[in-house]
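Below: one structure, written as structure tokens.
The values are calculated or read from the model by the stated rules, or taken from the named source; none is laboratory data. Note that this is a predicted model, so its numbers are computed, not measured. Glycine also receives a Cβ, built like all others from the backbone with ideal geometry; neighbour counts cover every protein chain displayed. All accessible areas refer to the heavy atoms of the entire protein, side chains included, with ligands and DNA or RNA removed. Shrake-Rupley method; radii C 1.70, N 1.55, O 1.52, S 1.80 Å.
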Amino acid sequence: MAKYIFVGGGVMSSVGKGITTASIGKVLEAKGFNVTAMKIDPYINVDAGTMNPIEHGETFVTDDGLECDQDIGNYERFLNQDLSKDNYMTTGSVYLSVIQKERNLEFQGKCVEVVPDIPNEVIARIKRVEEKTNADFVLIEIGGTVGEYQNMLFLETARIMKLQEPKNVLFALVSYLPIPSVVGEMKTKPTQTAARMLNEAGIQPDFIIGRSNKSMDEPRKRKISIFCNLMQEDIISSPDVESIYEIPLEFEKQGLGERILEKFGTEKKSQDLNDWRELINRIKNPQGEVKIGIIGKYFETGDFNLLDSYISVIEAVKHAAWSFNLKPEITWLSSSKYEHGENLEELNQFHGIIVPGGFGTRGIEGKIKVIEYARKNNIPFLGLCLGLQLATIEYARNVCGIKDATSREFDPQGNNLVIDLMEEQRELLKNNNYGGTMRLGAWDCNIKEGTKAYEAYGKTDIKERHRHRYEVNNDYRKVLEENGLIFSGINKDKNLVEIIELKNHPFFMASQFHPELKSRPLSPHPLFKGLIKAAKK
Ligand code: GLN
């Protein structure tokens with residue numbers, strides 16, 4: 001029988017509930033338990049695939065092809081596990097399946113109601129994950145903040161589950177403790193209010209995890225303890241840290257893992273966070289620096305959203321750099337700066353350049369200029385998804401002499417669609433069938449021996465995660481190949497280009513898939529390692 005820990009947020013969003021959930025999971029996993037984590041998002045979108053990254057941050061993709069919230073990525077990175085479709089749900093997806101069941105007469109004539117039928121569906125999904133993963137602990141993060149209308153049904157789910165299995169369910173409230181500059185003191189009142197609101201929803205938090213710039217001191221803990229009705233040892237301080245990967249160690253220091261086991265009455269198992277400690281040690285004691293420039297376009301809404309839009313790419317760069325004992329220094333470069341071939345010399349300061357994924361026409365020409373510059377000036381380059389498509393277009397234009405080479409995405413009327421839609425995608429788009437219909441999830445890729453891709457992976461058969469509609473047009477493969485572009489990875493089932501690279505270049509590689517989605521702190525991705533290795537040189 002599994003134990004369940006719900007994690008909800010108080011005071012405001014964006015305080016790191018996802019990382020907190022992942023870190024609780026890490027602490028329990030390090031104690032020898034089988035842990036899985038789920039995320040519930042309160043919006044109506046059935047998945048995260050139809051949202052602009054500026055709205056919602058990066059869309060993460062699982063092996064089984066679900067487009068989901070970036071927190072699933074956090075769980076995968078901390079727990080070093082591949083999660084599935086079942087680990088994620090939205091209000092939209094829950095309602096959709098309840099309504100479908102109703103239409104199929106599965107409720108046998110009963111009146112179907114928001115309560116309890118929606119919470120029951122959520123509980124059924126939680127149980128399904130437990131069954132499939134055989135987890136000792138299932139962590140369930142509820143998106144949003146207590147007190148808002150949107151996630152009430154999910155708090156209701158937690159309440160009902162706790163009622164049904166009081167010994168198996170805990171609730172952790174992740175709350176924010178501001179330190180207003182005029183006061184200079186950490187304030188607990190907003191957290192007290194959040195705990196009260198949770199009480200109103202029928203839930204008493206078992207833990208309060210206080211996020212703040214600084215550590216929580218004793219008087220603060222005492223206050224929260226008295227006003228929120230918790231033992232002092234159940235109030236955990238979660239101050240800002242240099243690297244998010246330190247947070248499990250912070251929690252462990254404060255005995256969170258032990259307390260969870262105590263509350264559940266679960267026997268202790270062996271404990272080992274050693275590999276994690278070693279990682280933190282490496283992060284904090286770099287032997288040098290590696291400068292990576294990332295050319296993107298989701299810059300318009302400020303730094304916060306920018307980092308959110310490319311979170312897996314950033315993490316993948318860090319993981320790879322740390323594995324070489326290097327400190328990564330990432331610089332964001334707006335593609336519009338290079339559109340007319342200006343400012344390119346500034347790229348010389350970087351040890352490596354990444355062109356990440358993206359959608360739409362804006363920013364394309366600047367990225368192509370950057371790729372051309374990296375190719376001609378021997379700057380290590382890694383292209384991700386759109387990055388591969390643009391590198392192919394650049395090569396077609398500037399090496400093969402197909403001056404008007406482009407992608408159907410940018411110019412549907414183009415004469416030389418080096419990047420094009422497959423027949424089945426054309427059908428989907430004709431019918432406005434956009435949701436969940438890209439080439440998604442893990443696909444086989446066969447790697448040619450003797451290539452740099454082979455050198456990076458050390459094997460011929462790999463699986464990588466995709467999220468795109470367009471592909472290299474096979475009609476142009478011959479001319480590209482004759483001119484020196486190497487197709488080093490191919491999906492054999494559908495005969496699709498998966499990896500391209502160049503020979504006489506320190507590192508020029510691009511993948512149609514998103515390698516960043518499979519990078520983990522303790523097992524960095526081979527292609528990112530390849531880039532950093534070349535960048536180091
Ligand atoms: N827009 C491109 C496509 O749909 C690339 C997508 C991406 O980079 N994820 O094929």
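Overview of results
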| quantity | calculated |
| --- | --- |
| Breaking point among (1) β-branched (V, I, T); (2) open to solvent by 40 Å² or more (accessible area, probe 1.4 Å); (3) in a strand (DSSP E or B), for V479 | (3) |
| Residue under evaluation E365, criteria (1) within 13 Å of the ligand (Cβ to nearest atom); (2) within 18 Å of I294 (Cα to Cα), criterion not met | (1) |
| Residue in segment 511-521 that is part of a helix (DSSP H, G or I) and open to solvent by 40 Å² or more (accessible area, probe 1.4 Å) present | yes |
| Strands (runs of 3 or more DSSP E) completely within segment 371-470 that count 1 or more residues being surrounded by fewer than 20 Cβ atoms within 10 Å (Cβ to Cβ), without any contact (Cβ under 8 Å) to a residue 40 or more places away in the chain and more than 10 Å from the ligand (Cβ to nearest atom) | 461-468 |
| Hey, E278 open to solvent by 60 Å² or more (accessible area, probe 1.4 Å) and without any contact (Cβ under 8 Å) to a residue 12 or more places away in the chain or not | yes |
| Count of segment 119-155 residues which are part of a helix (DSSP H, G or I) and within 27 Å of the chain's Cα centre (by Cα) | 21 |
| Every pair of residues 6+ apart whose Cβ atoms lie under 6 Å, when the first sits in segment 102-124 and is farther than 20 Å from K162 by Cβ while the second is not in a helix (DSSP H, G or I) | E102/V112 |
| Among the candidates I99, I54, residue that is surrounded by fewer than 19 Cβ atoms within 10 Å (Cβ to Cβ) and either at pLDDT below 95 or in a loop (DSSP other than H, G, I, E, B) (or both) | I54 |
| Exclusive hit being in a helix (DSSP H, G or I) and in contact (Cβ under 8 Å) with a residue 24 or more places away in the chain, set V11, V27 | V27 |
| Inter-residue pairs, beta-carbon under 6 Å, first at pLDDT below 95 and in segment 209-238, second outside any helix (DSSP H, G or I) and open to solvent by 60 Å² or more (accessible area, probe 1.4 Å), 6+ apart | N213/D240 |
| Qualifying residue in segment 334-354 (condition: in contact with a Ser or Thr (Cβ under 9 Å, 6 or more places away or on another chain) and touching a residue at least 40 places away in the same chain (Cβ under 8 Å)) | yes |
| Per-region count, segment 331-341, residues crowded, with 19+ Cβ neighbours inside 10 Å, within 26 Å of K529 (Cβ to Cβ) and more than 16 Å from the ligand (Cβ to nearest atom) | 1 |
| Subset tally (residues that are polar (S, T, N, Q), more than 16 Å from the ligand (Cβ to nearest atom) and open to solvent by less than 60 Å² (accessible area, probe 1.4 Å)) for segment 484-504 | 1 |
| Residue match in segment 342-357 (condition: within 16 Å of the ligand (Cβ to nearest atom), out of contact with any helix residue (DSSP H, G or I) (no Cβ under 6 Å at 6 or more places or on another chain) and at pLDDT below 95) | no |
